[in-house]
1. Of all residues in segment 67-107, which are under 28 Å from residue 216 (Cα atoms), surrounded by fewer than 18 Cβ atoms within 10 Å (Cβ to Cβ) and small (Gly, Ala, Ser)?
2. What strands (runs of 3 or more DSSP E) lie completely within segment 188-232 and have 2 or more residues being modelled with pLDDT of 95 or more and hydrophobic (A, V, I, L, M, F, W, C)?
3. If you take the residues in segment 152-191 that are of a type in the set (Ser, Thr, Tyr) and farther than 20 Å from residue 100 by Cα, which one is surrounded by the fewest Cβ atoms within 10 Å (Cβ to Cβ)?
4. Could you say which residue among 334, 276, 322 is at pLDDT 95 or above, closer than 26 Å to residue 141 by Cα and part of a helix (DSSP H, G or I)?
5. Which of the residues belonging to segment 284-306 are out of contact with any Phe, Trp or Tyr (no Cβ under 8 Å at 6 or more places or on another chain), touching a residue at least 12 places away in the same chain (Cβ under 8 Å) and either assigned to a helix (DSSP H, G or I) or farther than 16 Å from residue 230 by Cβ (or both)?
6. Can residue 298 be described as buried (at least 17 other Cβ atoms within 10 Å of the Cβ), in contact with a strand residue (DSSP E or B) (Cβ under 9 Å, 6 or more places away or on another chain) and small (Gly, Ala, Ser)?
7. Would you check if residue 49 is more than 15 Å from the chain's Cα centre (by Cα), at pLDDT below 95 and not small (Gly, Ala, Ser)?
8. In segment 197-208, is there at least one residue being among the hydroxyl-bearing types (Ser, Thr, Tyr) and surrounded by fewer than 20 Cβ atoms within 10 Å (Cβ to Cβ)?
Amino acid sequence: MTLLVTGAAGFIGANFVLDWLASSQEPIINLDKLTYAGNLETLSSLQGDARHVFVQGDIGDTELVNRLLAEHQPRAVLNFAAESHVDRSIYGPGDFIETNIVGTFRLLEAVRGYWGTLPVGAVSDREQAPSRSETAPTRNDFRFLHVSTDEVYGSLAKDDPAFSETHRYEPNSPYSASKAASDHLVRAWHHTYGLPVLTTNCSNNYGPYHFPEKLIPLMIVNALAGKPLPVYGDGMQIRDWLYVKDHCSAIRRVLEAGRLGETYNVGGWNEKPNIEIVKTVCALLDELRPRADGQPYAQQISYVTDRPGHDRRYAIDAHKLEAELSWKPAETFETGIRKTVQWYLANPQWVSNVQSGAYRDWVNKQYA
């Protein structure tokens with residue numbers, strides 16, 4: 001059997017691939033467009049590994065996706081591919097509409113066509129069909145798993161209950177609106193065409209290989225470079241934080257046993273205001289890599305004008321995933337953030353490399 005994983009050179013997708021192949025012999029076909037946030041260096045440990053086949057391309061390229069589906073006959077498609085940064089969606093929403101909405105639509109259509117060609121039946125029926133390849137999936141086996149975000153639900157007040165799977169969608173940024181649209185498409189393709197889909201909506205991920213435009217890696221990188229640590233507004237925006245490897249384990253579990261057509265919220269039970277996150281990173285750096293002048297990294301914190309449409313609070317209720325599929329995160333925030341800071345300190349070359357090229361050009365253009 002084989003998996004087709006889209007966007008698998010990005011942060012969460014690449015961690016999923018590394019995690020999967022560390023414990024499974026099942027090959028992965030990795031389709032990634034390699035925008036500025038896609039980084040094959042993250043997957044360098046898989047060079048020469050026949051279980052990992054990389055293909056550079058767009059999920060919106062129907063001809064390419066059709067060819068990959070026909071050639072590799074995956075038993076599942078996992079869609080991580082997305083434009084994912086709120087700030088960039090504010091400055092340039094067009095890319096988000098094209099990839100997250102149009103791209104998802106085209107991917108769904110290609111997958112629907114492929115799924116329709118598969119033989120009906122389950123794996124257990126194969127002894128009754130000796131002419132069928134033992135590695136070919138059936139319609140009953142196949143899954144399309146769509147990876148989404150808690151930002152589709154909008155913003156919560158301080159005392160509101162956390163987002164459950166039945167919370168209405170109220171996206172407030174071009175990014176979250178585009179992801180909400182993609183979620184609706186996935187749901188519609190299940191209810192209209194019967195496509196066997198699963199959707200996960202996760203809280204804020206953090207961990208190794210995180211691109212340094214996001215809060216935690218940005219704070220680490222800027223602190224070590226002696227740059228200001230920009231905090232939006234008063235820094236009291238609250239997020240739930242999920243260690244990326246815990247997210248990967250949740251996706252594996254949903255793929256394995258999730259009920260078709262269902263949505264599962266994935267969270268870390270770690271609601272914290274942004275300023276607390278920044279101060280925690282500073283304290284860890286004070287311990288693990290003290291400044292040469294002996295001063296605390298927190299001196300570099302700089303409060304900046306809040307971004308437009310900044311949601312005040314996100315919080316995930318992951319009880320459904322825990323109750324139905326017996327999943328819980330392995331990391332607390334304290335253990336996960338320490339591992340994250342230690343990883344960045346141990347991998348300065350990776351950080352330097354991803355800050356060059358297209359990412360550098362984008363930053364210079366936006367903040368010149």
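The values are calculated or read from the model by the stated rules, or taken from the named source; none is laboratory data. Keep in mind it's a predicted model, so treat the numbers as computed, not measured. Here the Cβ positions follow ideal geometry from the backbone for every residue, glycine too, while neighbour counts run over all protein chains shown.
1. Scanning segment 67-107 gives 92, 94.
2. Of the strands (runs of 3 or more DSSP E) lying wholly inside segment 188-232, those with at least 2 residues that are modelled with pLDDT of 95 or more and hydrophobic (A, V, I, L, M, F, W, C) span 197-202, 229-232.
3. Among residues in segment 152-191 that are of a type in the set (Ser, Thr, Tyr) and farther than 20 Å from residue 100 by Cα, the one surrounded by the fewest Cβ atoms within 10 Å (Cβ to Cβ) is 166.
4. Values: 334 fails: closer than 26 Å to residue 141 by Cα; 276 fails: closer than 26 Å to residue 141 by Cα.
On inspection, the qualifying residue turns out to be 322.
5. Of everything in segment 284-306, those that are out of contact with any Phe, Trp or Tyr (no Cβ under 8 Å at 6 or more places or on another chain), touching a residue at least 12 places away in the same chain (Cβ under 8 Å) and either assigned to a helix (DSSP H, G or I) or farther than 16 Å from residue 230 by Cβ (or both) turn out to be 284, 288, 289, 296, 297, 298, 300.
6. No, not satisfied.
7. no
8. Our first condition is that a residue be among the hydroxyl-bearing types (Ser, Thr, Tyr); within segment 197-208, this holds for 199-200, 203, 206.
Checking the rest, the ones that are also surrounded by fewer than 20 Cβ atoms within 10 Å (Cβ to Cβ) come to none.
Taking every residue of segment 197-208 in turn, none turns out to be among the hydroxyl-bearing types (Ser, Thr, Tyr) and surrounded by fewer than 20 Cβ atoms within 10 Å (Cβ to Cβ).
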